[in-house]
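Below you'll find the structure, written out as structure tokens, and then a few comments.
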Amino acid sequence: MHSIEVDLAHLYNGRSYVAFGSLFGVRDTTSFRPLADHRGLPPDVSRESLADFESWGSAVSGASWITWAELAAADWDEVANQVDDCVHEYRRSPDGTWELHGRNSSLVRFAELSGLTDAHALHRAGTTYPEGTEWPDGDRLFRIGPLRRKHAVPDSDWGAVWSVMRTLANLHGDYGVRLVVWFDG
């Protein structure tokens, strides 16, 4: 079998610890059961990936990999094991339901509504207020609660990576496409 390697680093430039934890068990290790926890590099990793990995030296940690089949089968509506530290901002959708807009977004407005003035407490409102606490604000709502996996790994951050993997899986099969990752220490 011939393998093709595609560098997707340019498609994701984020640093979401809750996403890294949800997918690979790195950094945020309590919110979700990781989908591909610390698997290391695959035994048949390409020479190019191995050379790139080794160039990181002792700064590298948390290597893992996941197939498109595993990502496609994941329960993206799974609820986190704990309440998120961040406050969630919801916006009213055209059909009237609340849709997650962001985590710790619009913190100036949230501070006005909640009365929090300490920056540390403001960024960790989920540890200050009980689950289910809400602050309505017109067509938006701030709420304390757990994330769903799809919100921990949002398409706004990962959609381009998923799109390439999905396209390749249509050509090579769901088990014929995998994402190989590693993280700096």
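So here's what we get for this one:
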item	result
Distance between region 65-116 and region 135-153 - C-alpha centres, whole angstrom	5 Å
Shape of region 54-159, Cα gyration tensor, a/c cut at 1.5	oblate
Solvent-accessible area, 1.4 Å probe, carbon plus sulfur percent, for region 1-146	51 percent
Within-11-Å neighbourhood charge of Gly126 [Cβ basis; K, R +1; D, E -1]	0
Net charge, Leu50 excluded, C-beta distance under 12 Å - Lys, Arg +1, Asp, Glu -1	-4
Gain upon complete extension [Thr30, Tyr175; 0.36 nm per residue less C-alpha separation]	49.4 nm
Charge sum, other residues only, whose C-beta stays under 9 Å from Val60's C-beta, Lys/Arg counted +1 and Asp/Glu -1	-2
Accessible area per residue, Å², region 62-164 with all protein chains present, probe 1.4 Å	50 Å²
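The values are calculated or read from the model by the stated rules, or taken from the named source; none is laboratory data. Quick caveat: nothing in here was measured; it's all calculated off a predicted structure. Using ideal geometry, Cβ is built from the backbone for each residue, glycine included, and neighbour counts are taken over all protein chains shown. Just the protein is used for accessible areas: all its heavy atoms, side chains included, with ligands, DNA and RNA removed. Shrake-Rupley method; radii C 1.70, N 1.55, O 1.52, S 1.80 Å.
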